[in-house]
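K.L.:
Right, I'll just put the structure down here and ask away after.
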Amino acid sequence: MCMPHRLPIDIFAVCAFATCGGYSGHLRVRVECLDKSQSNLSITINFAYPFRLQQVHFKPTLCEGNRQETIFMVGDYSSSAQFFVTVAVVAFLYSLLATVVYIYYQNKYREGNRGPLVDFVVTVLFAFMWLVSSCAWAKALSDVKSATDPTQVLLLISACRRPANRCSASHHPVWSELNTSVAFGFVNFILWAGNIWFVFKETGWYKTGQRYPMRSASERRANGMSQRLCSQNSFDQSGDSFYQHPYSQGSFNQSMGSLRLPQTSLGQPIIISQGDVTHKGPNPIIFVNDI
């Protein structure tokens with residue numbers, strides 16, 4: 001893969017795992033009891049990557065003296081988040097390794113066509129992994145937003161189920177950083193999928209296709225029609241030349257005259273009677289019957 005196409009991949013891969021792996025957020029709720037002295041007006045709930053929300057807990061008041069309860073959040077979305085970050089980190093490291101090999105070991109990279117083939121297979125694999133991880137992380141992020149919605153969190157607090165008490169959210173989580181990580185994931189998929197073509201051009205498969213190009217069906221039909229037209233024109237020209245230059249009678253006679261049989265000289269015939277057949281010589285013999 002060419003160097004200008006490596007730089008955007010490195011940058012967006014770093015942005016993807018930095019915005020997801022470095023996230024930490026919080027929300028804040030308040031519980032106003034009927035007895036104001038028992039109220040808790042600032043309950044902060046912190047959560048962060050890898051979003052194992054079932055381990056996140058907080059202690060709101062029960063509005064019964066100084067009693068408190070421990071409530072755990074619901075959901076574990078660490079698998080999708082860690083999978084997304086892992087793909088981003090590995091893709092970044094492979095891109096750096098491929099860049100070093102392409103710059104300093106280009107001869108070995110092209111030797112035997114193994115380097116371009118390996119690069120092509122890995123590029124296709126990473127394009128697929130980026131698509132899968134980005135989709136999985138987008139779904140997990142939607143679930144994280146639902147689980148940390150202050151309305152859903154207030155339903156977990158026992159004191160908020162009593163009509164005499166008043167509960168509300170004083171601070172909502174900020175999701176812009178995680179939304180950006182999802183966008184970076186799909187941008188990385190587009191970059192890796194687009195680079196498949198550039199890596200394929202480095203392989204021997206593309207060079208073989210250039211050496212023996214495949215003609216399309218329309219090109220084959222056009223070529224066949226041109227060949228038929230050429231053969232028809234050549235046949236018409238040969239027919240015209242036949243009618244324009246017929247063999248004349250004189251030329252036929254002249255050709256026939258040139259074909260002559262070899263001539264032999266015969267001597268004078270010798271007439272011999274029927275009883276005398278003792279003749280020897282080059283001259284022909286004619287037998288005569290006397291009646």
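K.L.:
Of all residues in the stretch 21-60, which are among the charged types (D, E, K, R) and within 30 Å of V87 (Cβ to Cβ)? Don't jump to the end; show me each part of the working.
P.N.:
Of the stretch 21-60, the ones among the charged types (D, E, K, R) are 28, 30, 32, 35-36, 52, 59.
Across the stretch 21-60, the qualifying residue is only R52.
K.L.:
I'd like the full set of residues that are of a type in the set (A, V, I, L, M, F, W, C) and touching a residue at least 24 places away in the same chain (Cβ under 8 Å), limited to the stretch 144-158.
P.N.:
The initial filter retains those residues of the stretch 144-158 that are of a type in the set (A, V, I, L, M, F, W, C), namely 144, 147, 153-157.
Answer for the stretch 144-158, where residues must be of a type in the set (A, V, I, L, M, F, W, C) and touching a residue at least 24 places away in the same chain (Cβ under 8 Å): V144, A147, V153, L154, L156, I157.
K.L.:
What's the total number of residues in the stretch 68-101 that are of a type in the set (S, T, Y), under 13 Å from D10 (Cβ atoms) and either touching a helix residue (DSSP H, G or I) at 6+ places or on another chain (Cβ under 6 Å) or part of a loop (DSSP other than H, G, I, E, B) (or both)? Break it down into steps so the answer makes sense when it comes.
P.N.:
Looking only at the stretch 68-101, we keep the residues that are of a type in the set (S, T, Y), and these are 70, 77-80, 86, 94-95, 99.
Those left that are additionally under 13 Å from D10 (Cβ atoms): 94-95, 99.
Narrowing further to those that are either touching a helix residue (DSSP H, G or I) at 6+ places or on another chain (Cβ under 6 Å) or part of a loop (DSSP other than H, G, I, E, B) (or both): 95, 99.
So the count comes out to 2.
K.L.:
Going residue by residue through the stretch 197-210, is there one that turns out to be open to solvent by less than 40 Å² (accessible area, probe 1.4 Å), at pLDDT 55 or above and not β-branched (V, I, T)? Walk me through it before giving the result.
P.N.:
First, the residues of the stretch 197-210 that are open to solvent by less than 40 Å² (accessible area, probe 1.4 Å): 199, 202-204, 209.
If we keep only those that are at pLDDT 55 or above as well, we get 199, 202-204.
Still in the list and also not β-branched (V, I, T): 202, 204.
Checking the stretch 197-210: at least one residue is open to solvent by less than 40 Å² (accessible area, probe 1.4 Å), at pLDDT 55 or above and not β-branched (V, I, T).
K.L.:
How many of the residues in the stretch 30-49 are modelled with pLDDT under 95, open to solvent by 20 Å² or more (accessible area, probe 1.4 Å) and not in a strand (DSSP E or B)?
P.N.:
Result for the stretch 30-49: 6.
K.L.:
Still on this structure, please answer the following. Which residue, of R30, R110, R52, is under 19 Å from W137 (Cβ atoms) and among the basic types (K, R)? Write out each step before concluding.
P.N.:
Working: R30 fails: under 19 Å from W137 (Cβ atoms); R110 fails: under 19 Å from W137 (Cβ atoms).
One residue alone meets the criteria, R52.
K.L.:
Let me ask something additional. Report those helices (runs of 4 or more DSSP H) wholly inside the stretch 104-160 carrying at least 2 residues which are surrounded by 13 or more Cβ atoms within 10 Å (Cβ to Cβ) and aliphatic (A, V, I, L, M).
P.N.:
On the way: elements: 106-110, 114-147, 150-156.
Passing ranges, in order: 114-147, 150-156.
K.L.:
Given the condition farther than 23 Å from S181 by Cα, over 42 Å from the mean Cα position of the chain (by Cα), of a type outside the set (F, W, Y) and open to solvent by less than 80 Å² (accessible area, probe 1.4 Å), answer yes or no: does some residue in the stretch 80-102 qualify? Steps first, please.
P.N.:
Within the stretch 80-102, the first condition is being farther than 23 Å from S181 by Cα, and the residues that meet it are 97-102.
From what is left, the residues that are over 42 Å from the mean Cα position of the chain (by Cα) are none.
No, the stretch 80-102 contains no residue that is farther than 23 Å from S181 by Cα, over 42 Å from the mean Cα position of the chain (by Cα), of a type outside the set (F, W, Y) and open to solvent by less than 80 Å² (accessible area, probe 1.4 Å).
K.L.:
Would you please name the residue that is surrounded by the most Cβ atoms within 10 Å (Cβ to Cβ), looking only at residues in the stretch 161-183 that are assigned to a loop (DSSP other than H, G, I, E, B) and either touching a Phe, Trp or Tyr at 6+ places or on another chain (Cβ under 8 Å) or not small (G, A, S) (or both)?
P.N.:
Restricting attention to the stretch 161-183, the residues satisfying the condition of being assigned to a loop (DSSP other than H, G, I, E, B) are 162-165, 172-175.
Keeping just the survivors that are either touching a Phe, Trp or Tyr at 6+ places or on another chain (Cβ under 8 Å) or not small (G, A, S) (or both) gives 162-163, 165, 172-175.
On the way: R162: 14, P163: 7, N165: 20, H172: 13, P173: 18, V174: 12, W175: 15.
Step by step, filter the stretch 161-183, then rank; the result is N165.
K.L.:
Name the pairs whose Cβ atoms lie under 6 Å apart, with the first residue in the stretch 9-21 and closer than 13 Å to F189 by Cα and among the hydroxyl-bearing types (S, T, Y), the second in a helix (DSSP H, G or I) and open to solvent by 50 Å² or more (accessible area, probe 1.4 Å), and 6 or more positions between them or separate chains?
P.N.:
Once the first residue is closer than 13 Å to F189 by Cα and among the hydroxyl-bearing types (S, T, Y) and sits in the stretch 9-21, no partner that is in a helix (DSSP H, G or I) and open to solvent by 50 Å² or more (accessible area, probe 1.4 Å) comes close enough.
K.L.:
Looking only at the stretch 54-70, filter to residues that are out of contact with any strand residue (DSSP E or B) (no Cβ under 6 Å at 6 or more places or on another chain) and among the hydrophobic types (A, V, I, L, M, F, W, C); which one of those is surrounded by the most Cβ atoms within 10 Å (Cβ to Cβ)?
P.N.:
C63
K.L.:
Separate question: Please work out which one of (1) touching a Gly at 6+ places or on another chain (Cβ under 7 Å); (2) among the aliphatic types (A, V, I, L, M); (3) assigned to a strand (DSSP E or B) is the condition L27 fails and give its number.
P.N.:
(1)
K.L.:
Kindly check whether there is at least one residue in the stretch 103-113 that is among the basic types (K, R) and modelled with pLDDT under 90. Spell out how you get there, then give the answer.
P.N.:
Taking the stretch 103-113 first, the residues among the basic types (K, R) are 108, 110.
Next, from what is left, pick out any that are modelled with pLDDT under 90: 108, 110.
Yes; the residues of the stretch 103-113 include at least one that is among the basic types (K, R) and modelled with pLDDT under 90.
The values are calculated or read from the model by the stated rules, or taken from the named source; none is laboratory data. Note that this is a predicted model, so its numbers are computed, not measured. Using ideal geometry, Cβ is built from the backbone for each residue, glycine included, and neighbour counts are taken over all protein chains shown. Only protein heavy atoms, including side chains, enter the accessible area calculation; ligands, DNA and RNA are left aside. Shrake-Rupley method; radii C 1.70, N 1.55, O 1.52, S 1.80 Å.
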